[in-house]
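The values are calculated or read from the model by the stated rules, or taken from the named source; none is laboratory data. Not measured: the values here are computed from a predicted model. We place every Cβ from the backbone using ideal geometry, glycine too, and count neighbours over all the protein chains shown.
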Amino acid sequence: MAGPAPAVAAARTAVRAVLADLPAGSLVLVACSGGADSLALAAATAFVAPRAGLRAGAVVVDHRLQVGSGDAARAAAEACRGLGLDPVQVRGVDVGGAGGPEAAARSARYAALEDAAATSGAAAVLLGHTLDDQAETVLLGLGRGSGGRSLAGMAPAAGLWRRPLLGLRRRDTEAVCTAHGLRWADDPTNTPDGPWRRADGGPLRRSAVRHHVLPALEDALGPGVPEALARTARRLREDEDYLAAAAAELAARAGLPEGPSTSRLSATSRLSAASRLSAASRLSATGRLSGASRLSGASRLSAASRLSAGEDGVSRAGEVSLDVVVLAGAHPALLGRVLHRAATAAGCPPGSLTAAHVAALETLVTGYRGQGPVSLPGAVTAGRRCGRLTFGRRGPRGAGE
C-alpha cells in the first residue's frame, strides 16, 4: 500500500515534531484562514493530533475587511470540521488603523487567537507560516533597517504560538491540499494581479515583496533565494537567543526586575540556567566586555541592589532603576538590549522604540556630560541621577551626576 504523498508526509512530520512536548489530552488550535497554508496545516494536525493523544480544533478569524469575508470564514470553518477538528470557532474582529492596515489586521488577529486559546484552555495555537513567509519577513526587516531579532524572522515556537511549516514551501502546502481534495481560497491582496495599493495610496508591503522583490532577486541571483533567507534567519535566531540570555544576565546584575515585560524569551531561546549565568562571563573571557562590567560576585549583587528607594529594582512611583556602573562597560550588543528591556518595563510600547531612542539612552550611560532626560514613547522619560539610570512616566528628579 502506497504511503502519503511526499508533501503530506512532510507536513505531518513537521506537525508531529512541534507537538511532541505537549502532555496527552492537551488541546491545540489551528489558526485557519481558508488559504492553502492553513488548510494544509489543519489537515496535517487532524491526522497527527489524535495519534499523539491530543485534541485538535481550529479558529477562523474574520477580519471583515472585504465583501463576503463572512462567507469565506464560514467555508473555512466547515472545511476544518470536515477534517475532524473540534471545536471550531469563527471570530469576527474590528481592525483598527494603528501601524497601518497590515499591522492592524495582524494585531487584531493575534488578539482573537489568544482569546480563543484562553477561553478553550488550549495549550498551543498552530500558525501556517511557511518558508516563503519567513523569507518575506527577513526582507521586510532588511527594508526597515531592523536589528538582528527582526531579521531572525519568526520563531518555530514562541510561548503559545507554534509554526510547524517553516521548513515547507508554499507550493508544498498547495500539494497537501490537492492530495486531500481541499479547495483553498486566495486572499485577493496576495494574488499577482491583486490590489497593490491601500486606500491611502501606500503599498501592501508583504504582497509587494512576494510578487515583485523575491522574483527579482531570484532573477538576479538564481534559484534558492527564499531558502537562503530562511537559513540566514535561523542562524541569526541562534545568535539572538545567545545574546538575549547574556542580556538577561546583565539586566539582572544592573537591577532590572524580571516581570512579564522583561521575561518574554521564546521556547526556542530558553537556554539552560548554567548557560544563562555564564553567557556574559564567556563574552568577558574573550575580551569583549571591559573591566568595568566584570565585577566580583559580591559586588554584582550589591550593585544590583543599590536602589534609591527599595530593593527590587523599582524606585519611586514605579520607576525602573539600573546601576550605571554595571552597564558602563557592557558590550554594545548587550547594552542596547538591556536598555530596550528597561524602557519596555517602564511602559514604552515595544514596537515604538527606535534605534535612535536606544542610541540616546546609550549616551546617558557611556557619554554622559550632564545632559537632561531622554523622552521616550508612552510618556516615559529616562535620566541619570545618583549613579543610576532611571526610567519613569515623569521626569526623573535631581540634577544628574
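Does Leu140 satisfy the criteria of being in the same structural domain as Val48 (by TED's automatic domain parsing), farther than 23 Å from Ser352 by Cβ and either surrounded by 15 or more Cβ atoms within 10 Å (Cβ to Cβ) or at pLDDT 95 or above (or both)? Steps first, please.
Numbers: in the same structural domain as Val48 (by TED's automatic domain parsing): yes; farther than 23 Å from Ser352 by Cβ: no; either surrounded by 15 or more Cβ atoms within 10 Å (Cβ to Cβ) or at pLDDT 95 or above (or both): yes.
No: the conditions fail for Leu140.
Out of (1) closer than 15 Å to Ala124 by Cβ; (2) surrounded by fewer than 21 Cβ atoms within 10 Å (Cβ to Cβ), what's the single condition that is false for Pro6?
(1)
Take the residues in the range 66-100 that are among the aliphatic types (A, V, I, L, M) and in contact with a Ser or Thr (Cβ under 9 Å, 6 or more places away or on another chain); name whichever of them is farthest from Gly35 (Cα to Cα).
The initial filter retains those residues of the range 66-100 that are among the aliphatic types (A, V, I, L, M), namely 67, 72-73, 75-77, 79, 83, 85, 88, 90, 93, 95, 98.
When the remaining residues are screened for being in contact with a Ser or Thr (Cβ under 9 Å, 6 or more places away or on another chain), the result is 72-73, 76, 83, 85, 95, 98.
Details: Ala72: 10, Ala73: 11, Ala76: 8, Leu83: 15, Leu85: 16, Val95: 20, Ala98: 25 Å.
The selected residue is Ala98.
Among (1) of a type outside the set (Phe, Trp, Tyr); (2) over 23 Å from Thr130 (Cβ atoms); (3) free of Cβ contacts under 8 Å to residues at least 40 places away in the same chain, which single condition is Leu27 missing?
Every listed condition holds for Leu27 apart from (3).
What about Ala17, is it part of a helix (DSSP H, G or I) and farther than 16 Å from Cys177 by Cα? So that I can check it myself, show each step before the final result.
Working: part of a helix (DSSP H, G or I): yes; farther than 16 Å from Cys177 by Cα: yes.
Taking the combined requirement at face value, the residue satisfies it.
Would you confirm whether or not the range 105-125 contains a residue that is modelled with pLDDT under 95, surrounded by fewer than 21 Cβ atoms within 10 Å (Cβ to Cβ) and more than 19 Å from the chain's Cα centre (by Cα)?
no
Any residue in the range 206-229 that is more than 14 Å from Arg170 (Cβ to Cβ) and at pLDDT 95 or above sitting within a Cβ distance under 7 Å of a residue that is among the hydrophobic types (A, V, I, L, M, F, W, C) and loosely packed, with under 15 Cβ neighbours inside 10 Å? List the pairs, counting only those 6 or more apart or interchain.
Nothing qualifies.
In the range 143-174, how many residues are over 12 Å from the mean Cα position of the chain (by Cα) and buried (at least 20 other Cβ atoms within 10 Å of the Cβ)?
The total comes to 6.
With respect to Ala43, determine if the residue is in the same structural domain as Ala111 (by TED's automatic domain parsing), over 25 Å from the mean Cα position of the chain (by Cα) and buried (at least 21 other Cβ atoms within 10 Å of the Cβ).
Yes.
Which numbered condition trips up Gln134, out of (1) modelled with pLDDT under 95; (2) within 30 Å of Arg235 (Cα to Cα)?
(1)
If Gly57 meets every condition in (1) touching a Ser or Thr at 6+ places or on another chain (Cβ under 9 Å); (2) not in a strand (DSSP E or B) apart from one, which number is that one?
All conditions are met except number (2).
Applying the selection to the range 364-378, what residues are closer than 16 Å to Arg341 by Cα and part of a loop (DSSP other than H, G, I, E, B)?
Result: Pro377, Gly378.
Does at least one position in the range 216-223 carry a residue that is in a helix (DSSP H, G or I), within 16 Å of His331 (Cβ to Cβ) and of a type in the set (Gly, Ala, Ser)?
Initial filter on the range 216-223 (in a helix (DSSP H, G or I)): 216-221.
Pick out the ones that are also within 16 Å of His331 (Cβ to Cβ) and you get none.
There is no residue in the range 216-223 that is in a helix (DSSP H, G or I), within 16 Å of His331 (Cβ to Cβ) and of a type in the set (Gly, Ala, Ser).
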